Structure formats: structure tokens, C-alpha cells
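Heads up: the structure comes next, in C-alpha cells.
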Amino acid sequence: MDKPQKNLSFTLIMAIIGFMIAVQFQTIKKPVDRDTRDIWEIREDLLKEKELESTLLSEIRSNEEKLTAYESKHKQSKEQVLKETLNELKVEAGLTKVTGPGITLKIEPALEEIELGAPVTSEVPPDLLQRLSNELNMYESKFVSIDGQRVINTTVIRDINGHTKIDGHIINSLPIEVKVVVDSIDTAEKLYNRMKVSKSIEEFYVENLRLIVSSPKTKVTVPAYENPIRIRYMEPAKGNEGGNH
């Protein structure tokens, strides 16, 4: 190989090496996008995704069961299937009292803090209740009530004129109970173990409140939702709409 060819090869090799170094430098130099959400925002987003996934799977299973029931005319009438479907919808909407395995949580003033001169509080900050509700949902709770008020999908927990309200119900005295019903006693055991080490216990304590988690029970009762449920963007079907033939 003559000298000009050697120079050309050397130049090409150096050009390739230089290009690779430049690409690597740009890759290292490029800033990495960071997730700036706090832990509660991430947990709430995760909870929403898990709730959506769980809801879709439940609806698929429920619809498959209904189709099977409708097709099995010799086993039960269509009228009976419709009644059962209506009852299922009432339960899911929170319109019925529910009893099953679960746990009870109690929120009361932290007496040792009061003895040290901390102010006595009779209310629970709404954000703490909302976070507690989200955490319970994350841990597979099925039905929840707070201070005797059923918590459903449309429940609003917020501060109104300096008072914590749950769908209009004022929480102005302690202690209060949070009742949770789950699918099975095994799930109740898991929920109990998770809540015993929950970060919520520390967060309530910062507000001079104590969150006490009771042992699982085979029978915990959650009351029905008593407020009117407002349905928006829906109206009765007319004529042959809605599958009428």
C-alpha cells in the first residue's frame, strides 16, 4: 500500500473515531428528564391506573357471567337475572349496607402530645382523610366508611369554611372510626399488616392525632350511602333506542 492510500485510510479511521466520540459526548451531555412529582402524586397516579385496570377486569368478568346467565334459560329466568344485576349495581354504587371481613381504624387525639402542651384538635385535616382513603383503596379495600359516612366514587372530602366535610357531613368531634370491608379474611390480614406500618400513622401524629388500627374481624359493617346520587350526561332512551325490538 502506497503512502497516499495509507494517509487516506488513516484519515478515514480518525474521522470515524472522532464521530463516535462526538456522539458519545452528546449522549452523556444530554440532560435526563427527571420526574418531579412527589411521592403522593405518584401514588395517586398509580392508584388511578390500578383502579381503572381493576374496574375494567371486574366489568369484563361481570359481563361474561351475565351473558352466560342469559343464555342458560333453563336454569333461571331473564327476570331473575335482571334483578340480580340490579342488586349488583346497587352494591357497587354503595346504596346497600355491606357486612364482611375487614378492619376498623380509629382516629383520636394524641393524649401524650396534649399533656406536653400541644393544642387540642377536634377535626381531622381533609387532606389526611383523602390520603388515607387513597391508601386503603391501594391496598384492596372494597367498601369504606368514615365517621359513619359511606365513601363512594363521587365522595368529596374537603374543607368548607374551616370545617372538614365528607359529602356535606361535618367532622367536628373525635374520636371517629374508619371501617373497611374487603373480599376475604386473608385480604383483611394483609390490609391490617400494611396499615400497621403505614406512613399515615406518622402523618396523623404530626397533626397531634393518633391512628389506631384494630385487628381483622370476620364481620365489619359499612353503612349504605344516604345522600342522593346525581347522574349527569344521561337521559332515558326513547322509542326503539336502548336495544328494544
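Laboratory data are not the source of any read-out in this text; all were calculated from the coordinates shown. All of these numbers come straight from a predicted model, not from anything done at the bench. Note that we place each Cβ from the backbone using ideal geometry, even for glycine, and neighbour counts take in every protein chain shown.
Key figures for this structure:
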{"read-out": "Distant-in-sequence amide H partners of residue 184 (H built 1.01 Å from N, under 5 Å)", "value": "none"}
{"read-out": "Cβ-defined net charge surrounding residue 127, 11 Å radius [Lys, Arg +1; Asp, Glu -1]", "value": "-1"}
{"read-out": "Karplus-derived HN-Hα couplings along segment 131-139 (A = 6.51, B = -1.76, C = 1.60, θ = phi - 60°), whole Hz, x at Gly and Pro", "value": "5, 4, 4, 4, 5, 4, 5, 5, 9"}
{"read-out": "Label-point separation, residue 185 to residue 50 (7 Å along Cα→Cβ), nm", "value": "2.5 nm"}
{"read-out": "Over 28 Å (Cα to Cα) - which of 83/190; 199/219; 50/90; 97/199 fall in this group", "value": "83/190; 97/199"}
